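Written out below as structure tokens is the structure these notes cover.
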Amino acid sequence: MEYGNSLTKKKVEQMTDHELLMLMAKNSSSQKKMQIMTLITLVILTVSIIVSVVLIVPKLNRTLEDMSTLAVSLHDIVDDIEISLENVRTMADSITKTVNDNSEALGEAITKISKIDFETLNKAINDLAKIVGPLAKLFGGGK
């Protein structure tokens, strides 16, 4: 069976019909083996892709759903923050108004207190005490 060695050394034009048939049979056998290996590779690749799709697509779908839920939650949080900021602004405006209103009233009170003549007030209190003291003794309230 030295056809392999002798067949490959000769040119196709120089081969007999029998040698050509043997070469074709050998090549056919090699091509068949190559086709089987290619088919096995394609089957393995197809099964791998199907398994990957079956395993990855549900996880990807869950991830997308989680991202959608997260986006809605973030939107709600941003809305809550905007409402809180508006409430803080309103409260700050109210505090400012209260401070301004009270500072005017405080200023008026200080002005009125500064106009009081304490010497005259003390003299009037002493005079009143001199008058009320004997009346209290008269009605039994004094010692």
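Would you say Thr46 is within 38 Å of the chain's Cα centre (by Cα), part of a helix (DSSP H, G or I) and surrounded by 10 or more Cβ atoms within 10 Å (Cβ to Cβ)? So Thr46 does not fit the description; no. The condition of being at negative phi, part of a helix (DSSP H, G or I) and modelled with pLDDT of 90 or more holds for Thr41. Inclusion of Glu108 among residues that are part of a helix (DSSP H, G or I) and surrounded by 10 or more Cβ atoms within 10 Å (Cβ to Cβ) is warranted.
The values are calculated or read from the model by the stated rules, or taken from the named source; none is laboratory data. Values in this document were obtained by computation on a predicted structure and should not be read as measured data. In this analysis, Cβ positions are derived from the backbone assuming ideal geometry, glycine residues included, and neighbour counts consider all displayed protein chains.
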